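What follows is one structure encoded as structure tokens, with my remarks underneath.
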Amino acid sequence: MTKVKTELLQEELAGLQLAAGHLQYSMKRCRNLIGQQALPPEQLERLESLSSRFARLADLLIQRVFRLIDEIELTGGGSLLDRIYRAEKRGWANAAELITIRELRNLIAHEYATEKMVEVYTAVAALSPKLLAMVPKVIAYANLTLQKYP
């Protein structure tokens with residue numbers, strides 16, 4: 001069973017790197033758009049792509065990679081908060097930041113009120129560097145974990 005999970009973790013890490021690259025690309029393309037009102041559709045599309053990529057990377061990290069590492073190390077189970085606090089203990093990020101990232105991800109997934117989107121895009125721009133900073137830490141830890149279970 002561990003072999004299947006380690007193979008899955010390797011696949012998820014590749015997807016994680018790809019997703020992080022996409023978010024970085026969107027951040028560069030949207031740098032001058034954050035906080036602006038009444039944007040044309042093509043620029044709104046860029047911002048929507050940015051928020052979607054943020055949500056995707058957050059999901060990959062918290063829901064998939066964190067969970068897989070927990071399962072491989074036999075520390076799985078518990079709630080989402082348990083997973084977040086274990087991530088903090090591993091030195092990947094501050095738990096409060098992870099909770100905020102997760103809440104923003106949920107807001108992106110369920111927000112349909114266009115009047116709040118400027119705030120959402122601003123929050124995404126502020127939290128994306130913190131989310132991206134976690135990726136190399138998690139990948140390094142995951143690679144060490146994978147070496148323990150060849």
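The values are calculated or read from the model by the stated rules, or taken from the named source; none is laboratory data. Because the structure is predicted, anything quoted here is derived from the model rather than measured. Counting neighbours? That spans all protein chains shown, and the Cβs are built from the backbone with ideal geometry, glycine included.
Given the structure, is Leu9 closer than 29 Å to Tyr121 by Cβ and not acidic (Asp, Glu)? Spelling it out, it is not the case that Leu9 is closer than 29 Å to Tyr121 by Cβ and not acidic (Asp, Glu).
Check the range 56-65 and report whether any residue there is in contact with a Phe, Trp or Tyr (Cβ under 8 Å, 6 or more places away or on another chain) and not polar (S, T, N, Q). Taking every residue of the range 56-65 in turn, none turns out to be in contact with a Phe, Trp or Tyr (Cβ under 8 Å, 6 or more places away or on another chain) and not polar (S, T, N, Q). Tell me which residues, restricted to the range 11-48, are polar (S, T, N, Q), at pLDDT 95 or above and surrounded by fewer than 17 Cβ atoms within 10 Å (Cβ to Cβ). Matches in the range 11-48: Gln17, Gln24.
Considering only the range 3-59, state which residues are among the aromatic types (Phe, Trp, Tyr) and touching a residue at least 40 places away in the same chain (Cβ under 8 Å).
The answer is Phe54, and nothing else.
Mind checking which residues of the range 119-150 are basic (Lys, Arg) and farther than 29 Å from Gln36 by Cα? Across the range 119-150, the qualifying residues are Lys137, Lys148.
Keeping to the range 115-150, report how many residues are in a helix (DSSP H, G or I) and aromatic (Phe, Trp, Tyr).
Residues that pass the stated criteria total 2.
Screening Val4 on (1) surrounded by 15 or more Cβ atoms within 10 Å (Cβ to Cβ); (2) out of contact with any Lys or Arg (no Cβ under 7 Å at 6 or more places or on another chain); (3) in a helix (DSSP H, G or I) shows it passes everything except condition (1). The number of residues in the range 1-25 that are of a type in the set (S, T, N, Q) and within 14 Å of the chain's Cα centre (by Cα) comes to 2.
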